[in-house]
Amino acid sequence: MAKKSAAILLCVVLIFVGVLALGHLTRPLGDDVAIANVENFHKLPENSIDVIVYGSSHAWRNVNVNEMYDKYGIGAYNYAANWQHLDTTWLFVHDSLATQTPKVALIEGMHINSNEFDTDMDGEIYYTTPIPESKYKRAYLKMCFENHIERYISYYFPLVAYHENKNALTTESFGRTSNSIDFMDTMGFYPRDGVFVADVKDWTEMEDWVIGDRSLELMDDMVAALQEKGCQVVSGWPPGPPKSTSISTCCRNIARSTTAATSICLSTWRTPASAPRRISATRTT
């Protein structure tokens, strides 16, 4: 009887390990780089960062925080990632405050009006997997998945969600990660290849953008949490395509909803691959 029980237990363990291994093979490789940044952030010494940048790829791939250290001796980290809707930024803010006490936080808000949050696992949700469990992560996953148990299962066991990726396996799938960026060297910044220069339009010609109550609640919560730590909050927007939004309206709405926050419109957003990143800003409050 004991041998039979041991054999059954061994089979269960082997199946469990096999599911995890196959899940790793069929994971979305595009998330590896963001996961590497999250893992690197959690290797930083506690309370070692003065400035943290949050947001989507507009911040992640354009704000070279090493410039702050090289020119001014300010320790900064770019804790942004691709595709990021506001609920994911909310999780990143609360996650960072568990180990860091920044003096300044820059929250980039290009996707602030994403009030219907993404429930697609192949993207921003999956790259939050290395973030430690907390009440904020549980709240975040509830926002994303509501009461759909199968989404929770696919989050922790990606084989369930990504089994179709078997048709797109590459040599990188069999490694621990496909990421090639040393985020400890770049302090979270994800450099671009080539040069991007924004074509800034006249904001008065852009369509007004009404920010939803859900987004404002998340912004209020983030600002309150940061200010409780003695952090000054700056919210900013890179220029978007024509008629995408009235940037000035966004800034003013957020400034009104976040009593002690400063809102800026980023009017120049240059990203040469091997040159300093420069941001010039126009204050709207």
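The values are calculated or read from the model by the stated rules, or taken from the named source; none is laboratory data. From a predicted model like this one, the values you see are computed outputs, not experimental measurements. Please note: Cβ atoms are built from the backbone with ideal geometry, for glycine as well, and neighbour counts cover all protein chains shown. Just the protein is used for accessible areas: all its heavy atoms, side chains included, with ligands, DNA and RNA removed. Shrake-Rupley method; radii C 1.70, N 1.55, O 1.52, S 1.80 Å.
General remarks:
- Residue 78 long-range amide H proximity, modeled H, under 5 Å: 53, 188, 189
- Amide H contacts of residue 235: 107, 262, 263, 264, each under 5 Å away and 5 or more positions distant or on a separate chain (H built 1.01 Å from N in the peptide plane; Pro and chain starts excluded).
- Placing pseudo-labels 7 Å out from each Cα toward the beta carbon at residue 99 and residue 156 gives an inter-label distance of 2.2 nm.
- Per-residue SASA entry for residue 214, accessible area with 1.4 Å probe, Å² rounded to 10: 90
- Selection of chymotrypsin sites (Phe, Trp or Tyr not before Pro), segment 1-97, meeting DSSP coil and at most 16 other Cβ within 10 Å: none
- Largest accessible area first, the residues 9, 216, 44 order themselves as 9, 216, 44 under a 1.4 Å probe with ligands, DNA and RNA left out.
- Point-to-point label distance, residue 42-residue 129, nm (Cα→Cβ direction, 7 Å offset): 1.2
- The slack between residue 20 and residue 74, meaning 0.36 nm per residue of separation minus the straight C-alpha distance, is 15.4 nm.
- Rolling a 1.4 Å probe over the protein heavy atoms of segment 23-81, with every protein chain left in place, gives an accessible area that is 50 percent carbon and sulfur.
- Estimated FRET transfer efficiency (residue 181, residue 5; beta-carbon r; R0 51 Å; 0.05): 0.60
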